[in-house]
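These notes concern the structure reproduced below.
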Amino acid sequence: MNKASWNKDDLYQLYSTPFIDLIHQAHLVHRAHFNSTDMEICSLLSIKTGSCPEDCGYCPQSAHFKTGVKKEKLMELAEVIKQAKRAKDAGAKRFCMGAAWRNPPAQEFSKILEIVKAVKALALEVCMTLGMLTLEQAEQLKKVGLDYYNHNLDTSPNYYKRIITTRTYEDRLETINYVNIAGLNICCGGIIGMGESREDRVNFLLQLSKLPKPLKSIPINRLIAIKGTPLEKATIIDNFEFIKTIACVRIMFPESIIRLSAGRHEMSDEMQVWCFMAGANSVFYGDILLTAKNSTIDRDKRLFKKIGIEAFTMQEK
Ligand code: SF4
């Protein structure tokens, strides 16, 4: 199925396809656009941690929950550069930075622009996630060389209200619109396994397909149920449903990089490989993903060697 626009019936049909057939279909789409053994490696650094005024129910950095994450100031430029160089030496092509803000404060914004310029000068692709932006901020980020802006939709419009109450889905869409107008690449995905229904997953994927331009980068996270957050007792989503979701994303977005993001450390090697078969072709490496655990670099290297992914690069096909 290769379509310009998607509807609910299409998505339900994909989810209802026998598992092996769906993965086969997704893998064929994947191979038509990417080398099957390529994996893009990114690094994600928290440059401002904790005490976020938002109440995202999955996030240990929210000031609304007691998770033990300590508040930190915006990281000094020299430290960011040190970390970016380390990531580059370890094979990262893209360096992503996240700040726990509702939106970047005006008094910190010039520092953010300096950070983008300096990381870009290391010949790394630069991605940031800083919360909501104004159009002017998006344009300034573009001007200093930011490549990607990450702003996840997280889930369906309906389910969103049960996960976050301090901002709306429309707020999210507005920032994505500004990012698009400014000419930045959009990185946008979500979290699977927050207790949402399949209908929510279908509606979430449809929302992704309606964004202003085809997504270059789609992070798909599996919820890490963190102690102290409202989702700490969430039931772990069925592995097959998660893999099917990756396959649906691959079929819907044949040319996008699909990032298997949070939750990998809790997956078996075999589970991760199913996700790669279904179309995921990027991971974050590093023991910590913002403030949460991640698969270790050693484990990733061992796994990639076992399955024949040795190059930490992504070649255009
Ligand atoms: S996900 Fe981002 S916006 Fe939401 S609470 Fe965490 S740091 Fe804040």
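If you take the residues in region 123-176 that are away from the ligand (no atom under 14 Å from the Cβ), outside any helix (DSSP H, G or I) and among the small types (Gly, Ala, Ser), which one is farthest from ILE41 (Cα to Cα)? This residue is SER156. Within region 107-138, being of a type in the set (Asp, Glu), more than 17 Å from MET75 (Cβ to Cβ) and surrounded by fewer than 16 Cβ atoms within 10 Å (Cβ to Cβ) holds for one residue alone: GLU136.
Answer yes or no as to whether LYS71 is open to solvent by 40 Å² or more (accessible area, probe 1.4 Å), within 16 Å of the ligand (Cβ to nearest atom) and either within 24 Å of GLY193 (Cα to Cα) or in a helix (DSSP H, G or I) (or both). So LYS71 does not fit the description; no.
For residues that are within 15 Å of the ligand (Cβ to nearest atom) and assigned to a loop (DSSP other than H, G, I, E, B), scanning just region 76-106, find the one that is surrounded by the most Cβ atoms within 10 Å (Cβ to Cβ). Only one residue tops the list, namely ALA100. Out of curiosity, is LYS48 buried (at least 18 other Cβ atoms within 10 Å of the Cβ), closer than 30 Å to THR229 by Cα and among the basic types (Lys, Arg)? Criteria met by LYS48. Which residues, counting only those in region 172-216, are open to solvent by 40 Å² or more (accessible area, probe 1.4 Å) and among the acidic types (Asp, Glu)? GLU174, GLU199, listed by residue number.
The values are calculated or read from the model by the stated rules, or taken from the named source; none is laboratory data. All figures in this text were calculated on a predicted structure; none of them were measured in a lab. Heads up, the Cβs are rebuilt from the backbone with ideal geometry, glycines too, and the neighbour counts pull from every protein chain shown. Keep in mind that these areas ignore ligands, DNA and RNA; they rest on the heavy atoms of the full protein, side chains included. Shrake-Rupley method; radii C 1.70, N 1.55, O 1.52, S 1.80 Å.
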